[in-house]
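Coordinate-derived values only; no laboratory data. Just so it is clear, the structure is predicted and the values come from calculations on it, not from any experiment. All Cβ positions, glycine included, derive from the backbone under ideal geometry; neighbour counts span all protein chains shown.
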Amino acid sequence: MHIFSILLVGIVTNLDNLVLGAAFGLKRRHIPIGANAIIALLSGLVTWVFGHLSFLLAQLGRWPNYLGGALLILLGLWSMRPGPQKQEEPESCTCTPPSQRIAPGQALMLGAALAVNCLPVALGAGLTGIAALPTGLCVAIFSFLSVGAGNYLGLHTGLRLREDRLNRLSGLGMAALGILEMFV
């Protein structure tokens, strides 16, 4: 059952990365593979470290499992709340090549900001007893895939992803994971 939980953590923590990649693509900014790898490695590393630390706390019995599950449920519900309404931007032309690539330093800052999103989920997952290393690897892989896919879609199709819907979907997934881990 933990394999399903690990995959779910990897997916729900990276839906915002998909939106971020698309936003960069719509602005005609290419995220190269190296920069994407930096972002993914930071998310995976943070998930592994904090998941392992909270996993150690999970050895205290069943209570950390309830605490971690409740934390995941609260995070899921919090992320489903409606955010501020954004004004629609005019459609951008997708016929021009990307104007710039993000630099490794920018990727490091972006990766650090996105890795912060992984902290509470890693703590909650670790408290429920989900293994930290495979969870960190899964988060890194899904981060790499979602940033790359979002950037490609933004650059080549002009696809606009609805951030509010992805946030609700991510929140629902986290809440489901919390309930699953509390009672399984």
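Results, tabulated for the structure shown:
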{"quantity": "Order of Ile130, Ile102, Ile3 - criterion: other Cβ atoms within 10 Å of each residue's Cβ, fewest first", "calculated": "Ile3, Ile102, Ile130"}
{"quantity": "Förster radius 25 Å - calculated FRET efficiency between Gln100 and Ala149 (Cβ-Cβ, nearest 0.05)", "calculated": "0.80"}
